[in-house]
Amino acid sequence: MGTLPTELVGDAYTSTRGIELIESLVDVGNRMPGTDGEEEAAALLAERFVENGIREVETTAFPIPGWWRGETSLAIGDRRFEESNELVALPGTPAGEVSGELVDIGDGLPEDFEERELEGKLVMASSLTPDDYGRWVHRGEKYAWAAEAGAAGFVFRNHVEGCLPPTGDVGARTGPGPIPAVGVSKELGSRLVRYCERESVETTLSVECRNEPTRSRTVEGVVGPDTEEEVLVTAHIDAHDVGEGANDNGAGCALVAEVGRLLAGMEEDLETRVRLVTFGAEETGLYGAYYWTHMRDLETVKCVLNLDGAGYSRNLAIYTHGFEPVGEAFEEVAEEFDAPVHVSSGIRPHSDHWPFVQRGVPGVQGRALAGESGRGWGHTHADTLDKLDGRDLRDLTVLLAAGTVKLAEADREIGRKGDEEIREATEEGGFDVGMKAVGSWPWAGEGKEWPWGEEERAVPGE
């Protein structure tokens, strides 16, 4: 049975390299997909991979539909809101100015749009999904329902306090979405709800932005033996520009680099090659992961451990998407290190593991549980370095490295799933409703097979 050597556990618990790497990433500044900052962060990671003993380090550029932020405002009569702590444009929105009655649609669940007259209105929905709803409803789905109902604009109000307007792409895959969209803070959102409750609210929403093709980058390298199969440990480089991207996903990148460093110290004991990958352009459509799955032979991939949102605590959670042998490996890690690991079998189709999972490749997401609803500080100005604790990062590094060693065991079989089985699991989770709404349903005949809508498996943007 594969184990992480004691000396490497000690190395992990005395190292500060992980938190120092996150410091370097946040100091880059804007890491939006396709920006100079994302390119600089990719170069920084490539350099760190080499320093960590990771071999065959390479950087691959690929085209994406880019988006650049401009000024945004929302006006109600002579009241004008335009400060960054009140509202921000959502990536993928088109530029434009629209006016109409503001209507609060509550949680923005599919049924909230039924039998509502929303033509020409500005629709406002909460970022919250009720705990008892059964699945998380993505902002892109709420945006899509509003556009389909004929709304002129979309307002996404945060449910987390702190003058923190939420950002996040609107689900447009090949260019700008159909209607302007902004995120507003809980405080401004509560004020707008109050206005809506007492009178008809005529509102003007103005968004300035730029939608142009650009390029993103993925960085990768390997450790371990030259085997036919390989285990992928992945994260994403890019981050939303309103904050520092410390947790989402600087922490994930640091964990990939540190796991690679530890495994490089036991290369002769690894039974399967491990590939460390940091994808570009996750936040605006999983483009880096999709590009990788198009350009590589997926038959060589034994499994994927994707790290996203893994910095806010030391409480590791593994979402297996029904690939139970991966969960079993991490349950063994939990017992070995006497550390709780939450293992869940549910589908989570909103990060870089999904382009693999939808094609039957074993893929799981690793993240940290912090006891809060939704993203917490993620996708806001408050995703900053001061929210993280280097001690949490050390604990997670040990657990993830130990789990990767077990996944790399030659005799640990992790079977693939058939197309129909993945599809049925996605439908059972209710995710097909939202994915069809935003045009990302990957099964032929019921939507676009690939997020950018090409009939063939082409590079996005080409």
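The values are calculated or read from the model by the stated rules, or taken from the named source; none is laboratory data. Predicted, not measured: the structure shown is a model, and the values here were computed from it. Cβ coordinates were reconstructed from backbone atoms using ideal geometry, including for glycine residues, and neighbour counts include every protein chain displayed. Heads up: the accessible areas ignore ligands, DNA and RNA and are worked out on the full protein's heavy atoms, side chains in. Shrake-Rupley method; radii C 1.70, N 1.55, O 1.52, S 1.80 Å.
Does the stretch 60-92 hold any residues that are crowded, with 17+ Cβ neighbours inside 10 Å, over 12 Å from Met32 (Cβ atoms) and touching a helix residue (DSSP H, G or I) at 6+ places or on another chain (Cβ under 7 Å), and which are they?
Phe62, Phe81, Glu86, Leu87
Could you run through the stretch 4-50 and say how many residues are open to solvent by 60 Å² or more (accessible area, probe 1.4 Å), touching a Lys or Arg at 6+ places or on another chain (Cβ under 8 Å) and closer than 23 Å to Asp269 by Cβ?
Count: 2.
Going through the stretch 118-170 one residue at a time, which ones are within 28 Å of Gly245 (Cα to Cα), among the hydrophobic types (A, V, I, L, M, F, W, C), open to solvent by less than 10 Å² (accessible area, probe 1.4 Å) and touching a Leu at 6+ places or on another chain (Cβ under 7 Å)?
The answer is Met124, Val137, Val155, Val170.
Would you confirm whether or not the stretch 317-327 contains a residue that is open to solvent by 10 Å² or more (accessible area, probe 1.4 Å) and outside any helix (DSSP H, G or I)?
yes
Restricting to the stretch 118-154, what's the tally of residues that are farther than 20 Å from Ala89 by Cα and modelled with pLDDT of 95 or more?
Count: 3.
Do any strands (runs of 3 or more DSSP E) lying entirely in the stretch 15-110 carry at least 1 residues that are among the basic types (Lys, Arg), under 29 Å from Gly162 (Cβ atoms) and out of contact with any Ser or Thr (no Cβ under 6 Å at 6 or more places or on another chain), and which ones are they?
55-76, 79-81
Any idea which residue in the stretch 262-295 is nearest to Thr174 (Cα to Cα), counting only those that are aromatic (Phe, Trp, Tyr) and in contact with a strand residue (DSSP E or B) (Cβ under 7 Å, 6 or more places away or on another chain)?
The extreme case among them is Tyr287.
For residues in the stretch 1-39 being farther than 12 Å from Ala239 by Cα and among the small types (Gly, Ala, Ser), which is modelled with the lowest pLDDT?
Here the answer is Gly2.
Of everything in the stretch 172-205, what is open to solvent by less than 70 Å² (accessible area, probe 1.4 Å) and in a strand (DSSP E or B)? Give them in sequence order.
Those that are open to solvent by less than 70 Å² (accessible area, probe 1.4 Å) and in a strand (DSSP E or B): Ala181, Val182, Gly183, Val184, Val201, Thr203, Thr204, Leu205.
Give the stretch 211-239 a look and list any residue that's open to solvent by less than 30 Å² (accessible area, probe 1.4 Å), in a loop (DSSP other than H, G, I, E, B) and in contact with a strand residue (DSSP E or B) (Cβ under 9 Å, 6 or more places away or on another chain), or say none.
Gly224, Ile237, Asp238
Restricting attention to the stretch 240-261, report how many residues are under 28 Å from Leu87 (Cα atoms) and either of a type outside the set (A, V, I, L, M, F, W, C) or open to solvent by less than 10 Å² (accessible area, probe 1.4 Å) (or both).
Final tally of qualifying residues: 12.
Quick one: is Glu208 touching a residue at least 24 places away in the same chain (Cβ under 8 Å), over 20 Å from the mean Cα position of the chain (by Cα), assigned to a loop (DSSP other than H, G, I, E, B) and more than 25 Å from Tyr290 (Cβ to Cβ)?
no
Using beta carbons and a limit of 6 Å, which pairs, at least six apart or on different chains, have the first residue in the stretch 351-368 and at positive phi and the second one open to solvent by 10 Å² or more (accessible area, probe 1.4 Å) and of a type outside the set (A, V, I, L, M, F, W, C)?
Pairs that qualify, where the first residue is at positive phi and the partner is open to solvent by 10 Å² or more (accessible area, probe 1.4 Å) and of a type outside the set (A, V, I, L, M, F, W, C), are Gly360/Arg416; Gly360/Lys417.
Specify the residue that is most open to solvent (accessible area, probe 1.4 Å); the eligible residues are those in the stretch 423-441 that are within 20 Å of Tyr143 (Cα to Cα) and aliphatic (A, V, I, L, M).
Val433
Looking only at the stretch 394-432, filter to residues that are of a type in the set (Asp, Glu) and in a helix (DSSP H, G or I); which one of those is modelled with the lowest pLDDT?
That would be Asp419.
Do we have Gly363 as within 16 Å of the chain's Cα centre (by Cα), more than 29 Å from Arg157 (Cα to Cα) and of a type outside the set (Lys, Arg) here?
In short, yes.
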